[in-house]
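K.L.:
Quick one: the structure is below, and I'll ask about it shortly.
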Amino acid sequence: MAKQPNGSSPLLFKRICIMKTEDCFRLGSILKTKGLKGEMQLYIDFEDADAIKIKSLFVDIAGKLVPYFVSSIKFLQKNQAYLNLEDVDTIEKAAMLVKKDIYLPNKVKPKKKKEEFTLKDVKGFIAVDEIHGELGEILDVVEYPQQLIASVNFKNKEVLFPLNVEIIKGIDVEGGEIYIALPDGLLDVYLEG
């Protein structure tokens with residue numbers, strides 16, 4: 001747990017330190033306990049996690065991200081690791097964290113090279129339409145069997161649109177913008193409802 005700055009109220013300090021899932025990326029999840037001293041086995045679904053220096057992480061407990069300091073983490077294979085957390089020193093404490101997702105702050109997420117970029121990486125980019133201008137930040141990218149669908153909040157309405165070669169006119173990876181040409185009438189369908 002971080003130290004409270006001198007002279008600040010505990011309530012104010014707690015409010016400042018709350019981390020939200022949109023400020024983080026999912027590293028993986030805790031699969032099971034290992035041994036009697038609180039060690040846990042992780043499933044890692046983030047590539048190159050072993051390249052990140054992990055000193056602390058967040059565990060999603062009932063929708064809240066709870067911070068933990070890492071005592072040790074050993075990467076076994078591409079998507080498995082053993083984890084020891086400070087203050088989690090018994091199997092009982094570790095068992096309470098099983099099947100929970102773990103997150104790291106976005107600031108420690110390794111930057112992808114341009115050649116590693118995929119359409120799933122446009123989450124967080126600003127969608128700019130040829131006719132309507134800036135639509136807003138892409139809040140989510142969902143993969144369906146036939147295509148990827150992006151969602152933005154435009155004029156307080158959730159707007160979904162496909163990410164395909166007909167719609168996408170350009171992507172500025174450095175600037176975090178995606179340039180699109182929405183089909184005629186698509187925005188009207190969402191805004192009329």
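The values are calculated or read from the model by the stated rules, or taken from the named source; none is laboratory data. Bear in mind the structure is a predicted one, so any value in this text is a computation, not a measurement. Cβ atoms come from the backbone with ideal geometry, glycine included; neighbour counts cover every protein chain shown.
K.L.:
Across the range 32-66, what is the number of residues that are within 30 Å of Phe117 (Cβ to Cβ) and not aromatic (Phe, Trp, Tyr)?
P.N.:
Summing the residues that are within 30 Å of Phe117 (Cβ to Cβ) and not aromatic (Phe, Trp, Tyr) in the range 32-66 gives 17.
Residue by residue, here is whether (1) out of contact with any helix residue (DSSP H, G or I) (no Cβ under 6 Å at 6 or more places or on another chain); (2) surrounded by 13 or more Cβ atoms within 10 Å (Cβ to Cβ); (3) free of Cβ contacts under 8 Å to residues at least 60 places away in the same chain holds:
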site: Tyr68; (1), (2), (3): yes, yes, yes
site: Ala81; (1), (2), (3): yes, yes, yes
site: Asn84; (1), (2), (3): yes, yes, yes
site: Ala94; (1), (2), (3): yes, yes, no
site: Lys99; (1), (2), (3): yes, no, no
site: Lys111; (1), (2), (3): yes, no, yes
site: Asp121; (1), (2), (3): yes, yes, yes
site: Gly124; (1), (2), (3): yes, yes, yes
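K.L.:
Val142 fails exactly one of the following numbered conditions: (1) at pLDDT 90 or above; (2) under 22 Å from the mean Cα position of the chain (by Cα). What is the number of that condition?
P.N.:
Against the list (1) at pLDDT 90 or above; (2) under 22 Å from the mean Cα position of the chain (by Cα), Val142 comes up short only on (1).
K.L.:
Follow-up. Please find, among Phe75, Phe58, the residue that is surrounded by 14 or more Cβ atoms within 10 Å (Cβ to Cβ) and within 15 Å of the chain's Cα centre (by Cα).
P.N.:
Values: Phe75 fails: within 15 Å of the chain's Cα centre (by Cα).
Matching residue, one of Phe75, Phe58: Phe58.
K.L.:
Based on what the data block shows, is Val165 exposed (fewer than 12 other Cβ atoms within 10 Å of the Cβ) and not assigned by TED's automatic domain parsing to the domain that holds Glu22?
P.N.:
So Val165 fits the description; yes.
K.L.:
Report every pair of residues separated by at least 6 positions or lying on different chains whose Cβ atoms are under 7 Å apart, first residue within the range 169-188 and at positive phi and in the same structural domain as Ile131 (by TED's automatic domain parsing), second assigned to a loop (DSSP other than H, G, I, E, B) and among the acidic types (Asp, Glu).
P.N.:
Pairs found: none.
K.L.:
Taking the residues in the range 82-105 that are assigned to a strand (DSSP E or B) and within 19 Å of the chain's Cα centre (by Cα) as candidates, determine which candidate is farthest from Ile44 (Cα to Cα). Don't jump to the end; show me each part of the working.
P.N.:
Filtering the range 82-105 for residues assigned to a strand (DSSP E or B) gives 82-85, 101-105.
Those still in the list that are within 19 Å of the chain's Cα centre (by Cα) too: 101-105.
Details: Asp101: 10, Ile102: 9, Tyr103: 11, Leu104: 12, Pro105: 15 Å.
Selected residue: Pro105.
K.L.:
Would you say Glu137 is surrounded by 13 or more Cβ atoms within 10 Å (Cβ to Cβ), of a type in the set (Asp, Glu), farther than 22 Å from Leu27 by Cβ and modelled with pLDDT of 90 or more?
P.N.:
Yes; evaluated as a whole, the condition is true for this residue.
K.L.:
Give me the pairs: first residue in the range 39-55 and more than 12 Å from Tyr82 (Cα to Cα), second residue among the aliphatic types (A, V, I, L, M) and not in a strand (DSSP E or B), beta-carbon distance under 7 Å, and six or more apart or on different chains, which are they?
P.N.:
Ile52/Val108
K.L.:
Would you tally the residues in the range 1-46 being of a type in the set (Lys, Arg) and at pLDDT 50 or above?
P.N.:
5
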